[in-house]
1. Which one of Ala154, Ala199, Ala62 has the biggest mean-square fluctuation once the chain is modelled by GNM with Cα springs under 10 Å?
2. Taking just the alpha carbons, could you work out the radius of gyration and Dmax for segment 99-169, both in angstroms?
3. Can you flag which of Lys96/Lys259; Lys222/Lys259; Lys160/Lys261; Lys160/Lys222; Lys96/Lys202; Lys69/Lys268 are past 25 Å Cα-Cα?
4. List the aspartates and glutamates whose Cα sits under 13 Å from the Cα of Lys205, skipping any in the same chain fewer than 8 residues away.
5. Tell me the mean residue ellipticity at 222 nm calculated for the chain from its helices only (DSSP H runs of n ≥ 4, each -39500 (n - 2.57), averaged over every residue, nearest 500).
6. Residue by residue through segment 75-83, what is 3J(HN,Hα) from phi via Karplus (6.51 cos²θ - 1.76 cosθ + 1.60, θ = phi - 60°)? Round to whole Hz and write x for glycine and proline.
7. I'd like the Kirkwood hydrodynamic radius of segment 3-45, using the inverse of the mean 1/r over distinct C-alpha pairs, in Å.
8. Leaving out ligands, DNA and RNA, and with a 1.4 Å probe, what % of the accessible surface on segment 1-143 is carbon or sulfur?
Amino acid sequence: MPLREPTLSNLENNFIVNAVCDNRRYDGRRITDARDTQITLGLDYGCCTVSLGETKVMAQVAVEMERPKESRPSEGSLHIHVEMSTLASGNFDASKPGELGIEIQRILERSIILSRCLDLEELCIRVGERSWAVHLYIHVLCYDGNILDCASIAAITSLKHFRRPDITVEGKTVLVHSIEERNPLPLTMHHMPFCTTMAFFKDSKQLLVDPTRIEEKVMDGKLIISINNHKEVCCMQICGQVHISKPQILHSTDVAYLKSKELSEFVKNVLTDDLKYKQNGEKEQQVSLLCKRKKIRMKTICVSFTTLLQKEHYTHT
């Protein structure tokens, strides 16, 4: 039986809101600062754990063969599954994702699948007969606010890190090769969209990046922007009762673009370093890597938009 989410007192609520209005946060960050991001690659291809502050999400990718859809006979498919574990929070129900889990799943589907991030045509084996079905599993391990941004980083990293088995097609026979027989093949991704969540306070006059669990309880609403390093907006959604003006959306897009650009370089560096270790011929060094796993910590993403925010105040029009 899930527990009820505890509510904040009026003093706690007023303290957090007043601090945000003074461009301060209780954890010492600026309003445009994100928390430290840490990526841990697993032993298997397509497995990774991402920590955004105290929020932690694990992603795992798996594939299976299936018959393609009749409407798209020359394409494979990508399915996203979100699990809200009771270990992450006592008010989560392990038997069903709940409203928050459904919201995260739908935004990730719009951000990754509808933006054509993954090349689905490459997953086709025989037109109308066989294709690869990619399953992306998102497990929330610890909840301290902003699960979506953490899940977005984990989803992109696991898809980039995943390798599918190589195959040989002889007539209507499809032979799947093991890792010992042939090297597995990576998935083709055209771009890497990352989600950025911005919380609004005081009738949309003040905003902050990467809200924590406490800040999410007192915010008026939030703006979610999924954007890649080419400055292409893949998904945008407004949640809550907030009225956001055009200048606010433009400024928020610029902040999300800089954050996505930093994350793209960070994920590429993590995967490149992991590939170098795996290509090393020394067996002892590979065993040492498997025992210690790959763990890289990224510095706090500080978006220098303080001057920009001061030039044009976020006032509702």
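The values are calculated or read from the model by the stated rules, or taken from the named source; none is laboratory data. Fair warning: this is a prediction, and the values are worked out from it, not measured in the lab. Cβ atoms come from the backbone with ideal geometry, glycine included; neighbour counts cover every protein chain shown. The protein model used for the area step is the full one, side chains on, heavy atoms only, and it has no ligands, DNA or RNA in it. Shrake-Rupley method; radii C 1.70, N 1.55, O 1.52, S 1.80 Å.
1. It is Ala62.
2. Cα only, segment 99-169: 14.6, 48 Å (Rg, Dmax).
3. Lys96/Lys259; Lys160/Lys222; Lys96/Lys202; Lys69/Lys268
4. Asp22, Asp220, Glu312
5. Estimated from H runs of four or more residues: -9500 deg cm²/dmol.
6. Karplus-based 3J(HN,Hα) across segment 75-83 equals 10, x, 8, 10, 10, 10, 10, 10, 10 Hz.
7. Final number for the Kirkwood radius of segment 3-45 is 13.5 Å.
8. Ligands and nucleic acids excluded, carbon and sulfur give 49 percent.
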